[in-house]
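Only the coordinates and a few stated rules stand behind these numbers; no lab work does. Here the structure is a predicted model, which is why all the values come from computation and not from measurement. When we count neighbours, we look across all protein chains shown, and the Cβ atoms used for this are built from the backbone with ideal geometry, even at glycine.
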Amino acid sequence: MAAVTTMPVEQTTAFEAKIDALTEQVHYLAAVARDAELRRAQWDDLRSEMTPVIGEAFQLVSHELDDVRDFLQPTDLWRLAKRIARNTELIEKMFDQLEGLSELTSDVAPLGRDMFLIVMTKLDELERKGYFSLAGAGMGVLDRVVSSFSEEDVNQLGDNIVLILNTVKEMTQPEVMQLLQRTAAGVREAEVEEIGLLKLMWRMRNPAVRRGMSRMLKVLESFADATPATLGDLDNDDQTNDNVA
């Protein structure tokens, strides 16, 4: 009777570990094979779907290129491709700038909407207050001024603009405006009456009357500073008035 040989426990354990490792490798290879088969099937589907599209695109490009065949040569395309290759860094910078501009636009867009709303609100407020109506009326006044003055009048106005502004400046002084206001109020409220010489002398005792006469004398003295040409014009006007009378 043949003797039965038994393997040591250590060898049995090592043998089972090798079998397990081999089984895992077989499973891994089977999974890789399944993935490869799935990818191949996907590529086949994509190729079958894209082939008609690529064919139509190629025909369309060929048809469109027929219009520029006389103006475009293969050497031109090759030269353009080489130029693009040489300026790849510049093109990348341009794309970076475009991306930065796009980000800036997206950041500024909310501010622009807010500014637009503020401007529209302000314009509505000005319209309700009547600024636009006043501006329209001012344009009508400006049209009348333009139609009433010739180019020569405007040139003379430009020559004397400094004198006019200085005169306006003097007239708008507070004391002058107060004097004009009091004078206008006095003319509006005063009653016209005939007075004799004695009553006039009596009124001259009033200090306010004497101050008023002093101011009028100052105004009369200012006429002495007028130029001879101006005085001549005044004399001619007086003579004309006398002749008319």
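How far is it, in nm, from the label point at MET201 to the one at GLN178 when both lie 7 Å from their Cα along the line to the Cβ?
Taking the two extended label points, one gets 3.4 nm.
What lysines does LYS82 reach when the alpha-carbon gap must be under 29 Å and sequence neighbours fewer than 8 apart in one chain are set aside?
Correct list for LYS82: LYS93.
How much length, in nm to one decimal, is gained on full extension between GLU16 and GLU99, taken as 0.36 nm per residue of separation minus their Cα-Cα distance? All intermediate terms of the calculation are to be shown ahead of the outcome.
Working: separation 83, 0.36 × 83 = 29.88 nm, distance 6.12 nm.
Stretched out fully, the GLU16 to GLU99 stretch lengthens by 23.8 nm.
Would you mind listing how long the range 84-219 runs along its three principal axes, going by Cα atoms, in whole Å with the largest first?
For the range 84-219, the Cα spread along each principal axis is 111, 38, 31 Å.
Roughly how compact is the range 22-65, stated as its Cα Rg over 2.2 N^0.38 Å to two decimals?
Working it through for the range 22-65, the quotient is 2.02.
Just tell me which lysines come within less than 20 Å, Cα to Cα, of LYS218; anything on the same chain fewer than 8 places away is out.
Of all the lysines, those that pass the test against LYS218 - Cα under 20 Å, at least 8 places apart if same chain - are LYS169.
At a Förster distance of 51 Å, what's the computed FRET efficiency of LEU46 paired with MET115, Cβ-Cβ distance as r, to 0.05?
Working: r = 50 Å, r/R0 = 0.98.
With a Förster radius of 51 Å, E is 0.55.
Evaluate 2.2 N^0.38 Å with N set to the residue count of the range 92-148, then give the Cα radius of gyration divided by it.
With N residues counted in the range 92-148, Rg over 2.2 N^0.38 Å equals 2.07.
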